[in-house]
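The values are calculated or read from the model by the stated rules, or taken from the named source; none is laboratory data. On a predicted model such as this, the values are computed, not experimentally measured, just so you know. Reconstructed Cβ throughout: ideal geometry from the backbone, glycine too, with neighbour counts over all protein chains shown. All accessible areas refer to the heavy atoms of the entire protein, side chains included, with ligands and DNA or RNA removed. Shrake-Rupley method; radii C 1.70, N 1.55, O 1.52, S 1.80 Å.
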Amino acid sequence: MNESLINPFTLSHPTAVQTSLYAGATFARFDPAGRFIAAARVNGSAEIWDLETRAPIRWLDGHVKTITSIDWSRNSRYLLTSSKDWNVLIWDLAAVCDPPQRYATVRFDAPVVSASFHPKNSQIILVLLATGEAYVCDTRKQHRSRVELLETIIDDGEDEEGPIRSPITTARFDPAGKNIFVGTATGCILVFNTRTKIMIARHKISGAGTMKGMDFAKAGRRLVTNSSDRTLRQFLLPKYPTPPADADASAPFVFLDGELEPTHRFSDPINRTAWHAMCYSPDGEWLAGGAADPAGHKIYIWDISNDGQFASALDGGREPLVYLHWHPTRSALASTTNQGSILIWHCPSPERWGAFAGGFEEVDENVEYAEREDEFDIEDEAVLFARKMRAEEEAVDIDTIVAGTLAPEGGGARSGNRGGAATPVGDGSVPPVDLDGKFSTGGEETTDLETAWAEEEPDGDVRGGWRMKIIMDNEAAEFY
Amino acid sequence: MEPPRPAGPHKPAQDNEKPLASASTSTPNYELRAILSGHKASIASITFSPDGAMLASAGSDKVIKLWDGITGEILDTLEGHTEGISDIAWASDGEYIASASDDKTIKIWSMEERSEVKTLIGHTNFVFCVNYNPNSNLLVSGGFDETVRIWDIARGKPLKVLPAHSDPVTAVSFNHDGTLVVSCAMDGLIRIWDAESGQCLKTLVDDDNPICSHVKFSPNSRFVLASTQDSTIRLWNYQTSKCVKTYTGHSNRTYCIPACFVTSKGKYIVSGSEDNKIYIWDLQTRQVLQVLDGHRDAVLAIATHPFRNIIASASMEKDLTIRLWFDE
């Protein structure tokens, strides 16, 4: 709740490196609360860093080959790591034993390219294998299953071996977990319903080539894709139909088929660099792209709220960038270099020396002081005292916690255009100002069906319902 | 092993529905239920564990004593400091206690092992006050070297040293979400800091500039409660830099006496006093509602139970007892 005291006008997107963490990381991701950062290491282990102390606090040792992806459950209790060793491991950070033991192992028969938790239940995971197949694994007792996501292809009977599906190259849940978006090697985006695993839409993206990555703005209406043509495309997603509750995957479902026209294309017109990663700011007003520039560490930032105008290019030095992730609530970025360092970017707020003197205020320009008529009048102390006492009659509220004093206008997840460094308190029930217009209109009842399905058999990852034990690191203390 | 904890860190659920006005009308009726003796020198600090099961006390006799929070039975004595202890604080999970001592160190004690696990060295003079952040991965401390220090507890390493004041720092603590730090000092200033950057965000100062002996955030962190050595306790709205409530009637000219919020029953302010009494004010009307008599010396330390209506108080040389007062 410090944002109410920090000057709201200085904050925007991150502009400068605050710290480097020498983590030996291949990539690093913030947790959804923004307290930790998980770093995948070259040797197959993962490290969790505490951003407040800027020190590693947990070492997750389980994979024997390179980690390919990391995902956090929604309240940061569970961590998922996928690896080229064909395994997906799930770790429970609430466990008290150190080093932490794996909580669950999901094995596959090919290297795992990426895996992620369902946004509403960490017992449902989406897995993409190096063979180009994507699976939804449900480990809940009532729903235990492993379903492959298959593109619906109208079989015209010419092909004897059945339809040939193009390999899937990227797969993600949308922020609500209602649909799964997959990108294919032939430049298509396929949309599947999570509950029924039925394909509900197919979009051909012309000129994109192989899809390399996707990221959603938090509200879920906007999607940015990265593809082999070195262009980031932003799409406004249509409203997708929901298969009925009793729908069966074998029955034909009329899916949406059509091209999706990007609202914006972002590329580097001069160097034509490819992109390693891209990420929306938490309020969706900025888009950051990490350039695959072999000679430098460049992050491009576009101002989405300003029609996608290019805002700035951040230079992180000589070590090339390999990964990029925006902090879930603040105006901060974590970019990983190919040497394994994690750069934490922030938006520095200038020191306000006026704050050191009580009753002073800093002004940008000289102001002619207008003396009040009664400024030097000597008032009767008794009158003054009585007035003060009267003013003190007003009731104060000392224990209702609101999400920051500016909460009514902003919500808990703003990165910066209008007020920055927001800290989520409580459950952030104030909806963020939505750039995409009304998202949920008319979709309530269908969303509920999906949500209710996902929330069956909750995973125990409750906000504030677990805590990570502080482990006293007596060995590290020797160095200081 | 641990008894159930209340949902919020500061208030039980049943209090939420109670409107502000009706809370003001209830009167406290605290009665002495237990007298705990064992300390051999002045008691400087007492505090309930976050689950309310234990009470920790410490003082000039260099030891920390652990008591049962309800019955007052002695549970353990922790020895290790070489000089007197000025302040103790519980980690929010109740697993550790931090103690600030005149031997210039802060020690972290494990409640599981009932022993010292870490010594934080860095202060160049007496350490006077210490507190955990809500995640309990950071510690903030202040002392006679006029600095405020933020520590990484797991590694026992100082993260920040803030040249915060121009006199000994008498109190320092985090707000409920750990983003702000408030400190006060004998220079009479109350300062609010950004915990992450260490920047000073605000300075609160009263016209007369009395020595400020204790400060803490209200449970929702929208106000700070400050005790000054002109026998006054003030509730400040730090956004507007205005004093919104003044509580007087007790006597405080010499020692650093903390004040506490009570939110478990009505909404009260509680403070010890140098006239050997404990004063309870109504938060809103600022009237003294009850005066607890019994100690035989100045009441320097006071603590309120996290969810039950219990006040613990402790006194100086001539008395050396801890008293538990119940209103239930």
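Annotations
- Conditions (1) open to solvent by less than 20 Å² (accessible area, probe 1.4 Å); (2) under 30 Å from A:GLU151 (Cα atoms): number failed by A:TRP302: (2)
- Taking the stretch A:50-105 as the range and being β-branched (Val, Ile, Thr) and under 22 Å from the mean Cα position of the chain (by Cα) as the test, the residues that pass are A:THR53, A:ILE57, A:ILE67, A:THR68, A:ILE70, A:THR81, A:VAL88, A:ILE90.
- Residue, farthest from B:ASN137 (Cα to Cα), within the stretch A:452-468, restricted to residues that are away from chain B (no Cβ under 12 Å) and among the aliphatic types (A, V, I, L, M): A:ALA452
- Among the candidates A:SER82, A:SER76, A:SER69, A:SER12, residue that is crowded, with 22+ Cβ neighbours inside 10 Å, touching a residue at least 24 places away in the same chain (Cβ under 8 Å) and more than 13 Å from every other protein chain (Cβ to nearest Cβ): A:SER82
- The requirement of being outside any loop (DSSP other than H, G, I, E, B), touching a residue at least 60 places away in the same chain (Cβ under 8 Å), in contact with a Cys (Cβ under 9 Å, 6 or more places away or on another chain) and buried (at least 20 other Cβ atoms within 10 Å of the Cβ) is fulfilled somewhere in the stretch A:209-216, by at least one residue.
- Residue in the stretch B:244-256 that is over 23 Å from A:GLU394 (Cβ atoms), away from chain A (no Cβ under 11 Å), of a type in the set (Gly, Ala, Ser) and open to solvent by 20 Å² or more (accessible area, probe 1.4 Å) present: yes
- Unmet criterion (only one of (1) under 27 Å from A:GLU3 (Cβ atoms); (2) among the small types (Gly, Ala, Ser); (3) more than 7 Å from every other protein chain (Cβ to nearest Cβ)) for B:SER221: (3)
- Selection count where residues are open to solvent by less than 10 Å² (accessible area, probe 1.4 Å) and more than 9 Å from chain A (Cβ to nearest Cβ), scope the stretch B:198-218: 3
- For the stretch A:217-225, the count of residues that are more than 19 Å from A:VAL322 (Cα to Cα), part of a strand (DSSP E or B) and modelled with pLDDT under 90 is zero.
- Close pairs (7 angstrom Cβ cut-off, 6 or more residues apart or separate chains): without any contact (Cβ under 8 Å) to a residue 24 or more places away in the chain in the stretch B:67-82, open to solvent by less than 10 Å² (accessible area, probe 1.4 Å) anywhere: B:GLU73/B:TRP67; B:LEU75/B:LEU66; B:LEU75/B:TRP67
- Any hit, the stretch B:141-164, residues being closer than 16 Å to B:TYR96 by Cβ, among the hydrophobic types (A, V, I, L, M, F, W, C) and more than 10 Å from every other protein chain (Cβ to nearest Cβ): no
- Of the residues making up the stretch B:179-197, one or more are open to solvent by 30 Å² or more (accessible area, probe 1.4 Å) and more than 8 Å from every other protein chain (Cβ to nearest Cβ).
- Looking at A:ILE124, A:ILE164, just one residue is at pLDDT below 95, buried (at least 22 other Cβ atoms within 10 Å of the Cβ) and not aromatic (Phe, Trp, Tyr), and that residue is A:ILE124.
- Residue match in the stretch A:152-161 (condition: assigned to a loop (DSSP other than H, G, I, E, B), open to solvent by less than 40 Å² (accessible area, probe 1.4 Å) and either at pLDDT below 95 or among the β-branched types (Val, Ile, Thr) (or both)): no
- Any chance A:LYS141 is assigned to a loop (DSSP other than H, G, I, E, B) and either open to solvent by 50 Å² or more (accessible area, probe 1.4 Å) or small (Gly, Ala, Ser) (or both): yes
- If you check B:SER99, B:SER92 for being more than 13 Å from chain A (Cβ to nearest Cβ) and under 16 Å from the mean Cα position of the chain (by Cα), only one passes: B:SER99.
- Once the stretch A:15-66 is narrowed to residues that are touching an Asp or Glu at 6+ places or on another chain (Cβ under 7 Å) and among the β-branched types (Val, Ile, Thr), the residue that is farthest from the other protein chains (Cβ to nearest Cβ) is A:VAL64.
- When we screen A:GLU381, A:GLU362, A:GLU375 for residues that are touching a Lys or Arg at 6+ places or on another chain (Cβ under 8 Å), of a type outside the set (Gly, Ala, Ser), more than 10 Å from every other protein chain (Cβ to nearest Cβ) and free of Cβ contacts under 8 Å to residues at least 40 places away in the same chain, the only hit is A:GLU362.
- Tally of residues being more than 19 Å from the chain's Cα centre (by Cα), open to solvent by less than 40 Å² (accessible area, probe 1.4 Å) and within 27 Å of B:ASN133 (Cβ to Cβ) across the stretch A:20-45: 2
- In the set (1) in contact with a Ser or Thr (Cβ under 9 Å, 6 or more places away or on another chain); (2) open to solvent by 50 Å² or more (accessible area, probe 1.4 Å); (3) closer than 23 Å to A:TYR135 by Cβ, the condition left unmet by A:ARG54 is number (3).
- Residue match in the stretch A:200-207 (condition: surrounded by 15 or more Cβ atoms within 10 Å (Cβ to Cβ), in contact (Cβ under 8 Å) with a residue 12 or more places away in the chain and closer than 25 Å to A:TYR323 by Cβ): yes
- On inspection, B:SER99 passes the criterion of being at pLDDT 95 or above and either open to solvent by less than 20 Å² (accessible area, probe 1.4 Å) or among the small types (Gly, Ala, Ser) (or both).
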